[in-house]
Amino acid sequence: MGKLYIGLSGYSYKPWVGRFYPEGTKAGDLLGYYAGRYPAVEMDGTWYRMPSEAAVQAWLGGTPEGFRFCFKAHRQVTHMARLKEAAVEPIKFQLKRLAPMRARLGPILLQLPPNSKRHDDRLASFLDRVRAEIPEQEQWAVEFRNDTWHAPEVEAILRDRNVAWVAADTDEADAQRRQTAGYLYARLRRSEYTRERLADWAAYFRGSGVDAHVFCKHEDEGSPWEWADALVDLYGS
């Protein structure tokens with residue numbers, strides 16, 4: 001059975017203080033508390049801005065060895081250049097900034113926009129280039145948000161390159177559970193989860209036989225940690 005890298009999508013949310021974080025927790029202490037509770041976090045903020053050197057040092061200093069960060073690729077990569085040739089340099093720059101925390105990097109999340117339709121050659125070419133030019137980053141995950149990508153040929157492109165197909169579970173659509181790599185990546189984004197549904201996910205992760213990176217929705221007013229805690233319990237039972 002693989003390791004469950006369970007966590008939340010982000011950690012720095014003021015409305016969580018007094019609910020997830022103890023009352024009075026200061027901004028600089030949020031990550032340390034979070035890392036004492038979960039082994040991984042999904043970092044959505046890097047979609048908006050490249051990480052600064054100061055931020056990288058703060059992330060390193062606030063987490064123990066073995067903790068994993070799963071960073072979202074910058075929007076220049078997925079939404080502006082849309083995996084074309086011009087997308088390679090921004091992701092190289094992003095990972096150069098993240099180099100000091102190489103040992104703590106999980107899969108890099110490439111989240112494609114909803115209006116990005118299937119383009120097999122572009123996807124394959126981009127993945128081949130980043131594999132060749134950034135060999136030290138071994139794990140990648142792609143989230144397709146347009147149904148045109150849901151095809152066996154696309155699945156084969158990822159499987160041939162050991163890249164994870166992101167299982168994104170939303171209120172609008174069930175997740176595409178396609179195991180294309182030696183690790184899983186799942187984003188549980190529904191507004192509510194029953195214990196039965198979470199038990200089904202836990203069984204899926206256990207049955208895969210590989211490490212699973214799983215992140216629950218980060219709604220400011222929601223309580224995604226309740227689902228994360230339930231998954232930890234169900235995964236081990």
Residue satisfying all of: in segment 148-169; of a type in the set (Val, Ile, Thr) and more than 18 Å from ALA212 (Cα to Cα); surrounded by the fewest Cβ atoms within 10 Å (Cβ to Cβ) among these
THR148
Here the residues within segment 200-223 that are of a type outside the set (A, V, I, L, M), more than 21 Å from ARG68 (Cβ to Cβ) and surrounded by fewer than 16 Cβ atoms within 10 Å (Cβ to Cβ) are ASP200, GLY207, GLU219, ASP220, GLU221, SER223
Top-ranked residue in segment 29-78 [being basic (Lys, Arg) and crowded, with 21+ Cβ neighbours inside 10 Å; ranked as nearest to PRO90 (Cα to Cα)]
LYS72
Which residue pairs have Cβ atoms under 7 Å apart, sit 6 or more places apart or on different chains, and have a first residue in segment 124-137 that is aromatic (Phe, Trp, Tyr) and a second that is assigned to a helix (DSSP H, G or I)?
PHE126/ALA87
Restricted to segment 145-188 and to residues being in a loop (DSSP other than H, G, I, E, B) and of a type in the set (Gly, Ala, Ser), the residue nearest to LEU109 (Cα to Cα) is ALA181
When only residues in segment 189-237 that are assigned to a helix (DSSP H, G or I) and aromatic (Phe, Trp, Tyr) count, which is nearest to TYR11 (Cα to Cα)?
TRP225
Considering residues that are aliphatic (A, V, I, L, M) and assigned to a helix (DSSP H, G or I), the number found within segment 68-92 is 6
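Only one of these is basic (Lys, Arg), surrounded by fewer than 21 Cβ atoms within 10 Å (Cβ to Cβ), without any contact (Cβ under 8 Å) to a residue 24 or more places away in the chain and within 27 Å of GLY45 (Cα to Cα): ARG197, ARG145, ARG190, ARG178. Name it.
Just one listed residue meets the conditions, ARG178.
To keep it simple, each residue is scored yes or no on (1) more than 16 Å from TRP225 (Cβ to Cβ); (2) at pLDDT 95 or above; (3) not in a strand (DSSP E or B).
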site: SER12; (1), (2), (3): no, no, yes
site: THR25; (1), (2), (3): no, yes, yes
site: TYR38; (1), (2), (3): no, yes, yes
site: GLY66; (1), (2), (3): yes, yes, yes
site: GLN94; (1), (2), (3): yes, yes, yes
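I need a count of the residues in segment 46-64 that are assigned to a helix (DSSP H, G or I), polar (S, T, N, Q) and either modelled with pLDDT under 95 or under 18 Å from the mean Cα position of the chain (by Cα) (or both).
Going residue by residue through segment 46-64, those that are assigned to a helix (DSSP H, G or I) are 46-47, 53-61.
Narrowing further to those that are polar (S, T, N, Q): 46, 57.
When the remaining residues are screened for being either modelled with pLDDT under 95 or under 18 Å from the mean Cα position of the chain (by Cα) (or both), the result is 46.
Residues flagged as assigned to a helix (DSSP H, G or I), polar (S, T, N, Q) and either modelled with pLDDT under 95 or under 18 Å from the mean Cα position of the chain (by Cα) (or both) within segment 46-64 amount to 1.
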If we keep only residues of segment 96-114 that are part of a helix (DSSP H, G or I) and without any contact (Cβ under 8 Å) to a residue 40 or more places away in the chain, then the residue nearest to TYR48 (Cα to Cα) is LYS96
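The values are calculated or read from the model by the stated rules, or taken from the named source; none is laboratory data. Keep in mind the model is a prediction, meaning the values are calculated, not measured. No Cβ is skipped: glycine too gets one built from the backbone with ideal geometry, and neighbour counts run over all protein chains shown.
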